[in-house]
Amino acid sequence: MPATILVGAQWGDEGKGRVADWLAAQSDIVARFAGGDNAGHTVYVDETVFKLHLIPSGILHDQVTCVLGNGMVINPVNLVKEMDGLQAMGVDISPSRLIISTRAHIITPAHIALDAASEKARGAEAIGTTLRGIGPAYLDKTGRQGIRTGLMAQEEAFADALYEMVKRTNVILEQQYGVETLDPQAAAQSYLEAALRLRPYLRDVAVYLNQRMNDGARVLCEGAQGTLLDVDHGDYPFVTSSSPTSGGALTGLGFGPKRVDRVVGVAKCFSTRVGGGPMVTELHGELADRLRGTGEHFWDEYGTTTGRPRRCGWLDAVALRYAAEVNGFTELVLTKLDVLSGFNVLKIATAYIVDGRQVDLLPDTTLELERAEPVYETLPGWSEDITGARDADDLPAAARAYIRRIADLCGVPIRTVSVGPERDQLVHL
Ligand code: IMP
């Protein structure tokens, strides 16, 4: 069967970009289905670092056609910038390699202004969004007053829709938030230019994907963000506004579940989170600093999109087990195992204590999750540098035991582990 879905099993930043890059080598099409340029996927190829926000990592493989699905929200100006950046690095970005759904939604300057204003108004309760306008764009989509990408093909109608949206938003910015309003003319200008550039790339993605799959093409659905940030299944309201889980791939691209034979979850072998919201296994001080890294390397725990230091903690198997069920993982890829070298002991949360009771399942309210304390299992660590490991025998016994325990705890096989940022730093078990 032709489709594989790849999703983040935690709070995003699991290292999906490098896993997508690996799976893209076996794919004809790589398609993003949710989110927008809040995502940041880093891929390291022969000393060159590619930072992708909207365009799937598959673009780095010549045989792959990349698709931006209807489930996405797209800032056309930032997309053009990303395309130009890739082109300058020698990547072919012609319309034969990149297809943009006519049914995705446009992130406008109005959405970006609203994101900033609403975050400021929330004060201490801020979500900690990426300020890319994601939430307000999805709000307009579901409120049936958004602008679809297909409208970029009609200059006048697109300009009118942009003016209208900015004018409508100005009322909210002024009356609800008391902040500066936007000049509709100025806000629209760069968008109209970007629309002209993007027009040749627009297409009905559902029709395209179904036809290609009927002809035998293999599709990799590349998730962004992660399961615990899902608007339905995550720690609401500390979530993004889309469905980054496997179900979102079907609605965000337009094909049925019978097409899918593989659902790959990606989890870091510890936990990180950016922005607000509960994180039961969060650490502070020296241990957190060791997991985070210094920020010297791009793979250290600082946001690709915002540069914010990530909150770090031990692996949370309660959350991971939940992600395995919500997504129906057929396998799990563990990333950044090399970071754990040198820890005397490693901890995994296997249950929580909530209001004096031990629970094995993720509480379904964020308030309970905020009160949860981790119940840890302690495993021996290892001291060896494992960045050169390429198969199971190259790993210390303690590392193999750590991987086995995670697979047991979430009931999903782990066949691949990353031990560094380079393409070949993968251990196939
Ligand atoms: P938004 O998606 O910008 O609205 O942000 C909502 C929440 O999701 C915030 O906590 C962000 O930090 C988080 N978030 C959004 N995109 C990513 C991502 O790609 N990686 C990690 N966290 C993300």
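Please compute the contact order of region 105-201 in relative form: average sequence separation of alpha-carbon pairs under 8 Å and at least six residues apart, divided by the residue count, as a percent. Contact order relative to length: 30 percent.
Region 97-150 and region 341-405 have Cα centres separated by 35 Å. Translational D (Stokes-Einstein, µm²/s) of the chain at 20 °C and 1.002 mPa s when Rh comes from the Kirkwood sum over C-alpha pairs? Roughly 97 µm²/s, to the nearest whole number. The aspartates and glutamates within cross-link reach of residue 347, meaning a Cα-to-Cα straight distance under 12 Å and a gap of 8 or more places when in the same chain, are 282, 316, 377. Residues in region 254-265 carry Karplus couplings, in order, of x, 9, x, x, 5, 6, 9, 10, 8, 10, 9, x Hz; the curve used is 6.51 cos²θ - 1.76 cosθ + 1.60 with θ = phi - 60°, and Gly or Pro positions show x.
Considering only 194, 20, 186, the Gaussian network model of the chain with Cα springs below 10 Å gives its largest mean-square fluctuation to 186.
For the chain, what's the relative contact order in percent, using C-alpha pairs closer than 8 Å and at least 6 residues apart? Mind dumping the intermediate values first?
Working: 963 pairs, mean separation 84.9, N = 429.
Computed over the chain, the figure is 20 percent.
Of the whole protein surface, residue 329 contributes about 20 Å² of accessible area at a 1.4 Å probe radius. Any chance you could check the Cα centroid distance between region 179-194 and region 217-248 for me, in angstrom? Each part reduced to its Cα centre gives a spacing of 30 Å.
Out of region 147-245, which GluC sites (Glu not before Pro) are coil in DSSP terms and have no more than 13 other C-beta atoms within 10 Å? Can you show the working numbers first?
Values: sites: 155, 156, 164, 174, 180, 193, 222; in loops: 180.
Filter output for region 147-245: 180.
Over the Cα atoms of region 169-259, compute the convex hull volume and normalise it per residue, giving Å³. Write out the running numbers ahead of the final one.
Numbers: hull volume 13.8 nm³, N = 91.
Residue-normalised Cα hull volume stands at 151 Å³.
Just the protein heavy atoms count here, and of the accessible area of region 216-369 at 1.4 Å, carbon and sulfur take up 52 percent. The accessible surface of region 105-201, taken with every protein chain in place and a 1.4 Å probe, is 51 percent carbon and sulfur.
Solvent-accessible area per residue for region 242-334 at a 1.4 Å probe radius, Å²? Before the final figure, lay out the partial values.
Values: 3200 Å² over 93 residues.
Here the per-residue accessible area is 34 Å².
Rolling a 1.4 Å sphere over the protein heavy atoms, what is the accessible area per residue of region 105-201, to the nearest Å²?
52 Å²
With the convex hull of the Cα atoms taken as the outline of region 28-142, the averaged projected area works out to 8.0 nm². The phi torsions of region 368-381, fed into the Karplus equation with coefficients 6.51, -1.76 and 1.60 and a -60° offset, translate into couplings of 5, 4, 5, 8, 6, 10, x, 9, 9, 9, 10, 10, x, x Hz, rounded to whole numbers, with Gly and Pro shown as x. Summarising the strand pairing of the chain, around 40 percent of its internal DSSP beta bridges are antiparallel. Highest GNM mean-square fluctuation among 14, 125, 82, for the chain modelled with Cα contacts below 10 Å: 125.
Order 215, 408, 316 by their accessible area, 1.4 angstrom probe, all chains in place, largest first.
On the way: 215 130, 408 110, 316 5 Å².
Highest to lowest solvent-accessible surface, that is 215, 408, 316.
If you run the Gaussian network model on the chain, springs between alpha carbon atoms under 10 Å, then out of 55, 99, 172 the most flexible one is 172. With 21 Å as the limit, the listed pairs 51/81; 16/120; 16/268; 81/336; 141/167; 51/336 have 16/120; 81/336 beyond it between alpha carbons.
The values are calculated or read from the model by the stated rules, or taken from the named source; none is laboratory data. Owing to the predicted nature of the structure, the values given are computational and were not obtained by experimental measurement. All Cβ positions, glycine included, derive from the backbone under ideal geometry; neighbour counts span all protein chains shown. To get the accessible areas, we keep the full protein, side chains included, count just its heavy atoms, and leave off ligands, DNA and RNA. Shrake-Rupley method; radii C 1.70, N 1.55, O 1.52, S 1.80 Å.
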